[in-house]
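Visitor: I have a structure I would like to understand better, so I am pasting it below and will then ask my questions one at a time.
The values are calculated or read from the model by the stated rules, or taken from the named source; none is laboratory data. Computed from a predicted model, the values in this text were never measured in an experiment. So basically every Cβ, Gly included, is an ideal-geometry build from the backbone, and we count neighbours across all protein chains shown. The accessibility values were calculated without ligands, DNA or RNA, using every heavy atom of the protein model including side chains. Shrake-Rupley method; radii C 1.70, N 1.55, O 1.52, S 1.80 Å.
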Amino acid sequence: LSSSIENHRTLGSRTIYVGHRPCPANEVFIPPKFCDNRIVSSKYTVWNFLPKNLFEQFRRIANFYFLIIFLVQVIVDTPTSPVTSGLPLFFVITVTAIKQGYEDWLRHKADNEVNKYRVTVLEDGRRIQKESEKIKVGDVLEVEEDETFPCDLILLQSSRDDGTCFVTTASLDGESNHKTHYTVPDTERDVESLNATIECEQPQPDLYKSLGPENLLLKGATLKNTQSICGKSIIAFFTGTILKMGKTILSKALVCTTLKYVWQSKPGQDEPWYNEKTLKEKETNLYLNMFTDFLSFMVLFNFIIPVSMYVTVEMQKFLGSFFISWDKDFFDSEIEEGALVNTSDLNEELGQVEYVFTDKTGTLTQNNMEFIECCIDGHQYKYRDASSEVDGFCVTDGPMNTVQQKAGREREELFLRALCLCHTVQVKEGFIASSPDEIALVQGAMRYGFTFLGLESKTMKILNRTNDVEMYELLHVLNFDPVRRRMSVIVRSISGETLLFCKGADSSIFPRVKQEEVEKIRMHVERNATDGYRTLCVAYKHLTAEEYDQVDSGLREARLALQDREEKLMAVYNQVETGMNLIGATAVEDRLQEEAAETMEALQGAGIKVWVLTGDKMETAKSTCYACRLFKRNTELLELTVRTLESPGKRREDRLHDLLLEYHKKTVQDAPPAKTRVASQDYGFIVDGATLSMVLNSSSENNLHDYKDLFLQICQNCTSVLCCRMAPLQKAQIVKMVKNSKGSPITLSIGDGANDVSMILEAHVGIGIKGKEGRQAVRNSDYAIPKLKHLKKLLLGHGHLYYVRIAHLVQYFFYKNLCFILPQFLYQFFCGCSQQPLYDAAYLTMYNICFTSMPILAYSLFEQHISIEMLLENATLYRQIGKNAMLRWGPFLYWTLLGVFHGLVFFFGVWFLFSNPALQDNGQAFGNWSYGTIVFTILVFTVTLKLALDTRHWTWINHFVIWGSLAFYVFFSFFWGGVIWPFLRQQRLYFVFANMLSSVSAWLVIIVLILLSLLPEILYVVLRKPRGPYARQKLVQSSAGGIQSPRSSARPLLMRTFSDESNTVS
Amino acid sequence: MVKQESESANRPDNTAFTQQRLPAWQPILSAGIVIPGFVLIGLAFIGIGVALFVTSRSIQVLELDYTGDSNGSPCSSCSQSVVTNCKCSLNFTLTTLFQGPVFFYYGLSNYFQNYRRYGASKDDNQLYGDLSYFTSPSSSCSPYDYDSSKKPIVPCGSIANSMFNDTFTLTWTVNGTTNNVPLDGKGIAWWTDYNIKYRNPSVTPLKNAFNGTVKPINWAKPAYELDASDPSNNGFVNQDFLVWMRRAALPNFRKLYRRIDASGDYQKGLPAGNYTIDIAYNYPVRAFNGAKKIVFSNVSWMGGRNEFLGIAYLVIGSLCVVMSIVMLIVYAKFKFPDEE
């Protein structure tokens, strides 16, 4: 348990008393202290929710800022009532608190489900139902089939005769295989009266050494998702904009305060007789007055940063993400699931991805293995339909074999027996195994006549070609591990022969077998690897009785060791697996995912660089890359692997240095400038784990930075990069390196297994594939999709649209508040800088909440400036929004100028009109609130119509909210001005709006100023037309031919990997 | 890979909304729409502009400054001194008929009715006739909430206290006879202000409601005696008071004082002749470099004279026409690329 890991750091082993029976009397009994079995992932309790949540919320700079503004309004005599900023703030805080409270309640519920889970505890010979949280260390539990373990357990007894149980750890490490666990040997049959103590290691954080409860990792995963991760580009712009706005406010407030005091210094202006100061005002210090004035101006202009902007952005992200989970194109009928959105904060990042890091197995490929062929003693065997030859075992000639040959029957059978015995497959309604390769091999052997029947009490049964059952006693399994990259079994046949069968990667087997055997096989293995198959070599070894005894005792000793168990085991394994005889090799195909090649091609067309990070060997990975069109025929491959580093007479470090320089020269220095990239050579870069760690960890004397930089520059100038033999942490290292490189590009990681979790967490956007390797990646991802092919629509469709939408949203918000506050600012020059609001408080408050928020929200949810189909067809469209194109200086300047222009038009247009305030035909004059209302009406109509001009995709919702907002504004104004509100101290707007509408001049000025404001916009829209979306589409379509042609030329290669026929016919 | 038709619970709804396939109108501003549209709008605007301009030009306006800051002007003596009840008179001559209905405005310059503190310095509840606010006016009225003897001021606040108190009488001299031009003070304030927003307490006589209160410091008469001639024009619903209470938007403003009563000789407006305005000069403006003026104006459907609107319409209308011509040229050059 995680908590116990934290709490018990004392060294050495600890003692647990099974069943809480007292220890023998001669020992001193120290009651051990262990923590309970409760799991707490929730953040709040009922009591601390309010203070803790409020504290958390006000730690956000924005909320804190609004709180300060609110407090200033309460304390200082400011132009607007505290309600104007208090109400929205209260609303935001409440909504957030409710949301977080609800999420925490869900967490409480999930915790309770686990903590209150009923478990059966054996206590004093009786079965007692207990809640999981009440389990104490030392309890004896009974766990039934398909239950999850409520805590760490030691297997004392099993219902199976052989004292084993099968455990799946899918929720821990993503491995869906069934692992066998054995009961502690020599325990009495009667557990109820068992009296024992357990000496065990202190808890360790390493998952693979101790088996934790399911919830351990689940908890971590959930926690990850509750962290607030925010889109980088938007947030950067967001904060940038807010800082700019903040500076605007500050400077405006400063200008106004200065002006006010300069203006007041003129005689008679400070305190005209008609506006005498109160006694209190006269007495206060001049500087304090200045400060108060400054704060008042701040409050007046603070509306430029509305609280509602945060709300709208959050809403857009939250609601917008539903379109991903609703998309039926992401629905996979096989797993009956669609896409999953774990965080909605990153929607727009999907439109900014520059680097995609993808896992190979299970992501690019299906992880659905199929036995393709094998090679025995250098002879190639391919499976063909059973009808072709009687024994279903046909021989075809490999390219190098001129004469059709078959290996000896004895060798054939030895090979097949090896396939049948050397694995950890279990038979349980079909085969169950830790890796799909093993199943494919066992099934392959089955097709050739050797069927594995199962393992029963340490005896493996095989049905051979003559339908006899062969029995082998399983003595030891030398488990697979990624360092050795091989596994072995030691079995004893009926005849008493002790055999060791070993299978593993060629690189790990070849050095351990007789060299003369290697050459025959190597060619096959390499050819298979280039064809995109996964190859394994099979070897065997006879063990004499003495040898076996030695091995047996060595293994037992190592297994029982308390310290350095792994190292000791490894030493024994390595000692045994030497001097073997190579029998043959197998080739298993890992099929490409549906539309993997098309997806990769689309990503590359979109200007995204795809890096494949895999733990697989180079040849296999390379062939997958070819199959996925990541490497093309004309791609020049640059290799930086252990193989290329080996050069006679040179240190590897020097060779690395040379190669790096050479590649750098090729890709970076000699590359034509970016503009003429049409004819530039495509480079593919291959690096392996060992070399990568050399590059990254090169000692400081070799100017470490140089290597890293060189490496990064080479990588960035290659169209595709393949990193093979990667450890999970190395994957994350690579992602981190790119993420932190110059220009900090947006990175995306996609993977399906537990080994991809580190890189999924490291990248800006993590995508999990709901594949076969458990749910680990999905839980830790930001988005989860059922298949790789969905990535295309996720990025090119949804990502593109989200980016455009939110970029427009943020800028529009900035613009509409600029032209909202600018007249307010200008009015200060005409009211003696007295902080007189131009608009009524209701308008100030409602502007961003009601009048102008819904159209932009609808826009930011439904806008499709280019249809999704078009986006998917033309991947190059994605490049146009790359590098944050819509939030850079150009567009920002445009929006600023537009906002300033509109603000000036609104204010001065009405100012000219008010040179004669008698605007009604009965000669009556309009006052200041009429002035503000006219400006405000023009403002609301203009910003809404400006959005209407920007909208290119008018659904009924857009119509509804745009026209509805305007109608609501008119309706509200009538209503607000039509009633004497008892709660208002001043009835400022009473009938102002209605009177305004009774004036023809007011109507005329509203119309002409709206048109004047929108005129440049209309002109822009019209003149932009030739370069507009349609022309763009035409342009793209004409260039699409250029994209498609290489695809058609690549057909043969694709056919080879996609169709079954071409695999059987050589 | 057998595709099951059975509806899975996880299957997303296949609706136009969830799939972002709502039927949408994609407006295209093509030249075929924009150019005629611009021409039409432009012509319409030019039309309106011409109408506005002509109307505005036809509105007669007569402005007379009577601040008296220059020595030669009639009211200079009043402006210099602190004499109360100073009287002065202005003369002017109309050679032609001043078309009616004629409105009589007073105008102030450099007078900031839009000061924030000034604007807040009133008590709407008091002005709504709520007697409880007579005895305890809102603190926003400070320093005009209580007088020096701690008696509440009604109506309280700076706005009421600074109410414009110059009065004017207009006489027409024709053929040696001097006639008083009848001035109508009804309906110069907003109807809603007079009838709803401002109310006198329902106490008769009105004077009793003001017991225990004092008149604003600068006022000569208490609120209930503002108009001796018309009892319904007193208290808070006095038309001049209402006009003053509606704060001007800008520091240079005019407010309606009276209308020329269109009766007798004045049915068609002010006939030609010599006129004299007798001014009771009470309102000091020199202290803050202000100015006072009298404005006679008639109005049209667009209100008072305002050339800005007409010019704006003409400019923007012609801009539209010019733009449509430019667009026509541009599109002709590119052979209407989207009309194919």
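Visitor: Could you say whether any residue in segment A:882-889 is among the basic types (K, R) and open to solvent by less than 10 Å² (accessible area, probe 1.4 Å)?
Guide: Taking segment A:882-889 and keeping what is among the basic types (K, R), we get A:883, A:888.
Now drop any that are not open to solvent by less than 10 Å² (accessible area, probe 1.4 Å), which leaves none.
No, the conditions are met nowhere in segment A:882-889.
Visitor: Could you please find all residues in segment A:742-760 being over 19 Å from A:G689 (Cβ atoms) and either at pLDDT 85 or above or buried (at least 21 other Cβ atoms within 10 Å of the Cβ) (or both)? Write out each step before concluding.
Guide: The initial filter retains those residues of segment A:742-760 that are over 19 Å from A:G689 (Cβ atoms), namely A:742-748, A:750, A:752.
Correct list: A:P745, A:I746, A:T747, A:L748, A:I750, A:D752.
Results for (1) more than 14 Å from chain A (Cβ to nearest Cβ); (2) among the charged types (D, E, K, R), shown as yes or no for each residue.
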position	(1), (2)
B:D69	no, yes
B:C75	yes, no
B:N91	yes, no
B:L108	no, no
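Visitor: Enumerate the helices (runs of 4 or more DSSP H) found wholly within segment B:85-147, keeping only those where 2 or more residues are basic (K, R). So that I can check it myself, show each step before the final result.
Guide: On the way: elements: B:116-120, B:124-127, B:132-135.
Filter on segment B:85-147 gives B:116-120.
Visitor: Now for a different question. With on the phi > 0 side of the Ramachandran plot and either β-branched (V, I, T) or within 35 Å of the chain's Cα centre (by Cα) (or both) as the only criterion, which of A:G449, A:G430, A:G454 stands out? Give the steps one after another, and end with the answer.
Guide: Working: A:G449 fails: either β-branched (V, I, T) or within 35 Å of the chain's Cα centre (by Cα) (or both); A:G454 fails: either β-branched (V, I, T) or within 35 Å of the chain's Cα centre (by Cα) (or both).
On inspection, the qualifying residue turns out to be A:G430.
Visitor: Assess whether B:L170 counts as being out of contact with any helix residue (DSSP H, G or I) (no Cβ under 9 Å at 6 or more places or on another chain), surrounded by 17 or more Cβ atoms within 10 Å (Cβ to Cβ) and away from every other protein chain (no Cβ under 14 Å). Don't jump to the end; show me each part of the working.
Guide: Values: out of contact with any helix residue (DSSP H, G or I) (no Cβ under 9 Å at 6 or more places or on another chain): yes; surrounded by 17 or more Cβ atoms within 10 Å (Cβ to Cβ): yes; away from every other protein chain (no Cβ under 14 Å): yes.
In short, yes.
Visitor: Which residues, taken from segment B:106-123, are farther than 18 Å from A:E271 by Cβ, over 17 Å from the mean Cα position of the chain (by Cα) and in contact (Cβ under 8 Å) with a residue 40 or more places away in the chain?
Guide: The initial filter retains those residues of segment B:106-123 that are farther than 18 Å from A:E271 by Cβ, namely B:106-107, B:109, B:122-123.
Among the residues that remain, those that are also over 17 Å from the mean Cα position of the chain (by Cα) are: B:122-123.
The one that is farther than 18 Å from A:E271 by Cβ, over 17 Å from the mean Cα position of the chain (by Cα) and in contact (Cβ under 8 Å) with a residue 40 or more places away in the chain: B:K122.
Visitor: If A:L288 passes every condition in (1) surrounded by fewer than 15 Cβ atoms within 10 Å (Cβ to Cβ); (2) over 49 Å from the mean Cα position of the chain (by Cα); (3) at pLDDT below 85 but one, which one does it miss?
Guide: Result: A:L288 passes all but (3).
Visitor: List every residue pair whose Cβ atoms sit under 8 Å apart, with the two residues 6 or more apart in sequence or on different chains, where the first one lies in segment A:995-1007 and is within 9 Å of another protein chain (Cβ to nearest Cβ) and the second, anywhere, is of a type in the set (A, V, I, L, M, F, W, C) and open to solvent by 20 Å² or more (accessible area, probe 1.4 Å).
Guide: Close Cβ pairs (under 8 Å, with a partner that is of a type in the set (A, V, I, L, M, F, W, C) and open to solvent by 20 Å² or more (accessible area, probe 1.4 Å)) amount to A:V1000/B:W301; A:L1004/B:I48.
Visitor: Within segment A:984-992, identify whether any single residue is within 11 Å of another protein chain (Cβ to nearest Cβ), touching a residue at least 24 places away in the same chain (Cβ under 8 Å) and outside any helix (DSSP H, G or I), and answer yes or no. It would help to see each step written out before you state the result.
Guide: From segment A:984-992, those within 11 Å of another protein chain (Cβ to nearest Cβ) are A:984-992; that's our starting set.
Keeping just the survivors that are touching a residue at least 24 places away in the same chain (Cβ under 8 Å) gives A:988-989, A:992.
Right, trim to outside any helix (DSSP H, G or I) and you get A:988-989.
Looking through segment A:984-992, at least one residue is within 11 Å of another protein chain (Cβ to nearest Cβ), touching a residue at least 24 places away in the same chain (Cβ under 8 Å) and outside any helix (DSSP H, G or I).
Visitor: May I pose another question? Just need a number here: residues in segment A:454-479 that are over 14 Å from A:L419 (Cβ atoms) and touching a helix residue (DSSP H, G or I) at 6+ places or on another chain (Cβ under 9 Å).
Guide: Step one: list which residues in segment A:454-479 are over 14 Å from A:L419 (Cβ atoms), which gives A:454-459, A:461, A:466-469, A:471, A:473-479.
When the remaining residues are screened for being touching a helix residue (DSSP H, G or I) at 6+ places or on another chain (Cβ under 9 Å), the result is A:474-476, A:478-479.
Selection size over segment A:454-479: 5.
Visitor: Shifting gears a bit: Out of A:R59, A:R107, A:R126, report the one residue that is at pLDDT 75 or above, touching a helix residue (DSSP H, G or I) at 6+ places or on another chain (Cβ under 9 Å) and open to solvent by 70 Å² or more (accessible area, probe 1.4 Å).
Guide: On the way: A:R59 fails: touching a helix residue (DSSP H, G or I) at 6+ places or on another chain (Cβ under 9 Å); A:R107 fails: open to solvent by 70 Å² or more (accessible area, probe 1.4 Å).
Within the list A:R59, A:R107, A:R126, the selection yields A:R126.
Residues are listed down the side, and each one gets a yes or a no for (1) of a type outside the set (K, R); (2) more than 34 Å from the chain's Cα centre (by Cα); (3) farther than 23 Å from A:F972 by Cβ:
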site	(1), (2), (3)
A:D840	yes, yes, no
A:S853	yes, no, no
A:L861	yes, no, yes
A:I868	yes, no, yes
A:L893	yes, no, yes
A:S915	yes, yes, yes
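Visitor: Suppose we filter A:V83, A:V46, A:V40 for residues that are modelled with pLDDT under 75 and open to solvent by 60 Å² or more (accessible area, probe 1.4 Å); which single one remains?
Guide: Residue meeting the stated conditions: A:V40.
Visitor: To continue, here is another question. How many residues does segment B:301-335 contain that are of a type in the set (G, A, S), open to solvent by 20 Å² or more (accessible area, probe 1.4 Å) and either free of Cβ contacts under 8 Å to residues at least 24 places away in the same chain or within 8 Å of another protein chain (Cβ to nearest Cβ) (or both)?
Guide: So the answer is 1.
Visitor: In the list A:T933, A:T896, A:T955, A:T951, which residue meets the criterion of being more than 13 Å from chain B (Cβ to nearest Cβ), in contact with a Phe, Trp or Tyr (Cβ under 8 Å, 6 or more places away or on another chain) and not charged (D, E, K, R)? If you could, list the steps in order and put the result at the bottom.
Guide: On the way: A:T933 fails: more than 13 Å from chain B (Cβ to nearest Cβ); A:T955 fails: more than 13 Å from chain B (Cβ to nearest Cβ); A:T951 fails: more than 13 Å from chain B (Cβ to nearest Cβ).
Within the list A:T933, A:T896, A:T955, A:T951, the selection yields A:T896.
Visitor: Let me ask something else. Hey, A:T78 hits all of (1) within 30 Å of A:Q986 (Cα to Cα); (2) modelled with pLDDT under 80; (3) loosely packed, with under 15 Cβ neighbours inside 10 Å but one; which does it fall short on?
Guide: Evaluating A:T78 over (1) within 30 Å of A:Q986 (Cα to Cα); (2) modelled with pLDDT under 80; (3) loosely packed, with under 15 Cβ neighbours inside 10 Å leaves (3) as the failure.
Visitor: Tell me, yes or no, whether segment B:264-282 has at least one residue that is within 11 Å of chain A (Cβ to nearest Cβ) and either open to solvent by 40 Å² or more (accessible area, probe 1.4 Å) or in contact with a Lys or Arg (Cβ under 7 Å, 6 or more places away or on another chain) (or both).
Guide: In the first step, residues of segment B:264-282 are kept if they are within 11 Å of chain A (Cβ to nearest Cβ); the result is none.
Checked segment B:264-282: no residue is within 11 Å of chain A (Cβ to nearest Cβ) and either open to solvent by 40 Å² or more (accessible area, probe 1.4 Å) or in contact with a Lys or Arg (Cβ under 7 Å, 6 or more places away or on another chain) (or both).
Visitor: Here's a check for you: in segment B:193-211, which residue that is open to solvent by 50 Å² or more (accessible area, probe 1.4 Å) and either under 22 Å from B:Y281 (Cβ atoms) or part of a loop (DSSP other than H, G, I, E, B) (or both) is nearest to the other protein chains (Cβ to nearest Cβ)?
Guide: Step one: list which residues in segment B:193-211 are open to solvent by 50 Å² or more (accessible area, probe 1.4 Å), which gives B:194-195, B:199, B:202, B:204-205, B:207-208, B:211.
Now drop any that are not either under 22 Å from B:Y281 (Cβ atoms) or part of a loop (DSSP other than H, G, I, E, B) (or both), which leaves B:199, B:202, B:204-205, B:211.
Working: B:R199: 10, B:S202: 16, B:T204: 23, B:P205: 26, B:N211: 25 Å.
Only one residue fits best here, namely B:R199.
Visitor: Something else about it: Which of the residues belonging to segment A:773-798 are under 14 Å from A:L364 (Cβ atoms), in a loop (DSSP other than H, G, I, E, B) and open to solvent by 10 Å² or more (accessible area, probe 1.4 Å)?
Guide: A:E773, A:K787, A:K789
Visitor: Can you tell which of A:S296, A:S308 is facing another protein chain (nearest Cβ under 9 Å) and of a type in the set (S, T, N, Q)?
Guide: Values: A:S308 fails: facing another protein chain (nearest Cβ under 9 Å).
Only one candidate qualifies: A:S296.
Visitor: While we're here: Are any residues in segment B:283-299 closer than 29 Å to B:T173 by Cβ and either at the interface with chain A (Cβ under 10 Å from one of its Cβ atoms) or open to solvent by less than 10 Å² (accessible area, probe 1.4 Å) (or both), and if so, which ones?
Guide: Restricting attention to segment B:283-299, the residues satisfying the condition of being closer than 29 Å to B:T173 by Cβ are B:283, B:285, B:291-299.
Listed by number, the residues that qualify are B:Y283, B:V285, B:K292, B:I294, B:V295, B:F296, B:S297, B:N298, B:V299.
Visitor: Give the residue, chosen from B:Y146, B:Y105, B:Y115, B:Y128, that is closer than 21 Å to B:D227 by Cβ, of a type in the set (S, T, Y) and open to solvent by 10 Å² or more (accessible area, probe 1.4 Å).
Guide: Just one listed residue meets the conditions, B:Y128.
Visitor: Residues to consider are B:S162, B:S140; find the one that is out of contact with any Ser or Thr (no Cβ under 9 Å at 6 or more places or on another chain), surrounded by 19 or more Cβ atoms within 10 Å (Cβ to Cβ) and within 13 Å of another protein chain (Cβ to nearest Cβ). It would help to see each step written out before you state the result.
Guide: Values: B:S140 fails: out of contact with any Ser or Thr (no Cβ under 9 Å at 6 or more places or on another chain).
Being out of contact with any Ser or Thr (no Cβ under 9 Å at 6 or more places or on another chain), surrounded by 19 or more Cβ atoms within 10 Å (Cβ to Cβ) and within 13 Å of another protein chain (Cβ to nearest Cβ) holds for just one of B:S162, B:S140, which is B:S162.
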